[in-house]
């Protein structure tokens, strides 16, 4: 080996300048990329912690994301609440109807002069009987006039917004299970509603909370009689409370809170209905069900037009929305009106305290996010209210099939 | 505006009664159990 080394001729060459530059360039390129990736991941974590989202999409979306959409929506709403001169109302509303395809023959008020502005015309009612309910009692009805953008089953916890664009169900509805109705953290008494016989009948068979089923006898006292504390009484039997809590804790690590119990022969379905500007903008209950809680996500107000739905992934999870969570005869049921720039606010008839597209709620959301940050926790991104009802068995606000629930208002 | 419904229903007994892109009105059946 020594001989071989001694006899080997060593000749030194200079490295060509180009190769050196390329080497140094590639090293630098790699380092910059690694640094940017780390910063991006750190930023995403920070954004998630603060409840913010970064948008990806074409230049139109990037420009749109820089606009103060909520402020524009409020301004647009104020503008539409200005009283229109009496003699301009009919031609104005007819022009609007012509452009957006409003069927004036079914509008409740035949005299269009009665609508003082576009906002009131937009939130018009229809003549009685103009929207007959499907006679099949097992049908899930359309909640609104509009176009069915997408429907199907929930696969691996994802909803398809439009073909090829999916988003997580947890991102839409919220990442943690709502507080069981038997242990309300913040109860709000809705306007009294008559109990629905269909719902009561279903409840007598079983009751489900957050995908966890428990038999109705658990809601009864030991002697088989219904425990009927007064509506204002918050003292719930501790055994039931702890039972539901323990069940929820056991269920959480293995499956998302909205997932049906593995033992049931049910699955999750979804449907997305888009309302165009000319459509009737009040929404109705698709089935007989009980709303147990409401979550208000004070997000942005992008347009939800089919074009933007195709262009901006996860659009529904970015926009301001009100998630209503509850149950129906087959288990979990959720109903989510999603706001848009040109609409502005979402109204619920049975929840007068809900304020959407409001500076106050935005400020409250910012404050909640800041408090969560101070505590070192992730901000859930929504405020939640539990609905109480006169009947402890229902544990929420009962809605009849086809009943008007609220609507989208201008501004 | 948009409304998103997510609900639990039987795996075998559910049937959609609408098509993608179809116009619907309040009270019309989207599907049935």
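Structure data summary
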{"read-out": "Order of A:405, A:64 under a 10 Å beta carbon neighbour criterion, fewest first", "value": "A:64, A:405"}
{"read-out": "Residue exposure sequence - A:153, A:356, A:8, A:311 - by fewest surrounding Cβ within 10 Å", "value": "A:8, A:153, A:311, A:356"}
{"read-out": "Alpha-carbon centroids, the stretch A:303-330 and the stretch A:83-113: separation in whole Å", "value": "30 Å"}
{"read-out": "Förster-model FRET efficiency, 35 Å R0, residue A:63 and residue A:15, C-beta, rounded to 0.05", "value": "0.15"}
{"read-out": "Potential lengthening between residue A:71 and residue A:39 on full extension [0.36 nm per residue; Cα-Cα distance subtracted]", "value": "8.4 nm"}
{"read-out": "Footprinting exposure proxy for A:343, A:90, B:6, A:19 (fewest neighbouring C-beta atoms within 10 Å first)", "value": "A:19, A:90, B:6, A:343"}
{"read-out": "Cβ-Cβ FRET estimate between residue A:352 and residue A:5, R0 fixed at 56 Å, reported to 0.05", "value": "0.05"}
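None of the figures in this text is laboratory data; all of them are computed from the coordinates on show. Everything numeric here is computed off the predicted structure, so don't read it as measured data. Backbone-built Cβ (ideal geometry, glycine too); neighbour counts: all protein chains shown.
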